[in-house]
Amino acid sequence: NHNQNNFPSPKPQKTLPDTQNITSSNTHTHNCLQKNMDQMLSLNIPSPNPSGFSSSPRCVLVNGPLIVGAGPSGLAVGACLREQGVPFVVLERADCIASLWQKRTYDRLKLHLPKQFCQLPKMPFPASFPEYPTKRHFIDYLESYANHFDIKPRFSETVHSAKYEPFGMWRVRTTASTDGSQVEYVCRWLVVATGENAECVLPDIDGLAHFGGKVIHSSEYKSGEAYRGQKVLVVGCGNSGMEVSLDLSNHDAVPSMVCRSSVHVLPREIMGKSTFELAMLLMKWIPLWLVDKILLFFAWFILGDMNKYGLRWPEIGPLELKNKHGKTPVLDIGALAKIRSGEINVVPGITRFYSNGVELVNGEKMEVDSVIMATGYRSNVPSWLQEGEFFNKNGFPNTPFPNGWKGKSGLYAVGFTRRGLSGVSFDAVRIAQDIGKIWKEETQQKKLTVLRHRRCISTF
């Protein structure tokens, strides 16, 4: 019940045209778009026909930016554009907003950082929410956020290609998962909001295809209830791997967690204050390397020596590792106590699978009933965006934070900072301001033209 959670009621919004139905109030913008369309026709540019498109798609002229993705990143940009008075269209391949949170997360998930570091622009979390909101809290917040800013994505539309054309516009082609219909969107601005976690990463391990037990990615995991009494191998020791292992142990499964490389594990709180909040505070006054030293001292003091349990510290500090390589430190919420007690077993890397178990790099063999791959996610941008300058081959902007939000020719990126939801907010605000400035300048120019014309008529 959103009202009980003290969400703000939806803002009264002026109806803003978003696609072909452009009203006379936007004549200037329409003329600009029409000019570009005329150029396209005069250049006789052939319509691309990638595999899977059997006929010419319906063409839609977008009045404003086209946002690809209706997760937190896309919603944040939409809200900021709404505040700027800029119309937009949001495309989403799933049938709901924030599909990662709604469909690909486990039941016990909570935000790992305090809520003030996870709220999106223009609308804080309700005061009634706990400091670390649950999965359900966060989904409720996002749904109310979309409602408040009147963001209505076009669901079940998968983008297959996006290309900047010589006539100065982006051409984005989609297929609807509901009926297979195809649409071609033509827009001046393209905002890539598909984020860092668009596709699951599944490693190719020798013998995995011959393993006789159940194998899933952590995105399919919901609860340890289904694994009660089983020997479960969790591949990965990041935040997901740790939390899945903890949940399995709490449901009387026997988890073994693969820790192939080094990992930083920090307490979620230090002396009653969020570790992240403390780190942000210290970085205002002292250099990052010294903050890392302080965090590692507290980790050792509170959590003890983790090396003897198979958890090795990386050679560089947690914040430096995050900045350089995007690898997030684990914030402990109870898994380490289970590791110390032996309820969660930490094992090294895997050499190969066999029908009912695995062989580890140390030569040890283990019997296993099920496998959960907590091996993370990756960007899918290279699979559909036909552009080789702004994004690299891994689907991240080439320019590092804080300048990786804007490319050339009206291309923008949000949610690729490796800085969580606070990075999303940073990008979204700047993208909306940049587009809004151009939009307002052109709107003002159109108004001045109309006013001069009227004065000229009145003098005669």
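The values are calculated or read from the model by the stated rules, or taken from the named source; none is laboratory data. Just so we're clear, the structure is a prediction, and the values are computed from it rather than from any experiment. Here Cβ is always computed from backbone atoms with ideal geometry, including for glycine, and neighbour counts include all displayed protein chains. Accessible surface areas use protein heavy atoms only, side chains included; no ligands, DNA or RNA. Shrake-Rupley method; radii C 1.70, N 1.55, O 1.52, S 1.80 Å.
Quick look at the values:
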| quantity | calculated |
| --- | --- |
| Check on Lys284, assigned to a helix (DSSP H, G or I) and of a type outside the set (Val, Ile, Thr) | no |
| Any hit, the stretch 398-409, residues being in a loop (DSSP other than H, G, I, E, B) and in contact with a Leu (Cβ under 8 Å, 6 or more places away or on another chain) | no |
| Condition check for Ser240: assigned by the TED database to the domain that holds Ile97 and modelled with pLDDT under 95 | no |
| Residue match in the stretch 204-214 (condition: under 20 Å from Val381 (Cβ atoms), of a type outside the set (A, V, I, L, M, F, W, C) and open to solvent by 60 Å² or more (accessible area, probe 1.4 Å)) | no |
| Any hit, the stretch 366-387, residues being more than 28 Å from the chain's Cα centre (by Cα), within 30 Å of Asp206 (Cβ to Cβ), modelled with pLDDT under 90 and assigned to a loop (DSSP other than H, G, I, E, B) | no |
| Criterion violated by Val192 - all others in (1) surrounded by 14 or more Cβ atoms within 10 Å (Cβ to Cβ); (2) assigned by the TED database to the domain that holds Ser240 satisfied | (2) |
| Failed criterion for Ala146 (all others in (1) without any contact (Cβ under 8 Å) to a residue 40 or more places away in the chain; (2) touching a Leu at 6+ places or on another chain (Cβ under 6 Å); (3) buried (at least 18 other Cβ atoms within 10 Å of the Cβ) hold) | (1) |
| Of all residues in the stretch 152-187 being out of contact with any strand residue (DSSP E or B) (no Cβ under 6 Å at 6 or more places or on another chain) and modelled with pLDDT of 95 or more, the one that is least open to solvent (accessible area, probe 1.4 Å) | Phe155 |
| Any chance Ile302 is open to solvent by 30 Å² or more (accessible area, probe 1.4 Å), in the same structural domain as Arg228 (by the TED database), hydrophobic (A, V, I, L, M, F, W, C) and touching an Asp or Glu at 6+ places or on another chain (Cβ under 8 Å) | no |
| Residue pairs meeting the criteria (Cβ under 8 Å; at least 6 apart or on separate chains; first within 17 Å of Gly236 (Cα to Cα), in the stretch 339-350; second among the acidic types (Asp, Glu) and in a loop (DSSP other than H, G, I, E, B)) | Val347/Glu364 |
| Among residues of the stretch 97-106, those that are farther than 17 Å from Gly420 by Cα and open to solvent by less than 20 Å² (accessible area, probe 1.4 Å), counted | 2 |
| Within the stretch 394-429, tally of residues that are out of contact with any helix residue (DSSP H, G or I) (no Cβ under 6 Å at 6 or more places or on another chain) and open to solvent by 50 Å² or more (accessible area, probe 1.4 Å) | 13 |
| Test: residue in the stretch 300-321 that is polar (S, T, N, Q), touching a Pro at 6+ places or on another chain (Cβ under 9 Å), closer than 25 Å to Met257 by Cα and part of a helix (DSSP H, G or I) | no |
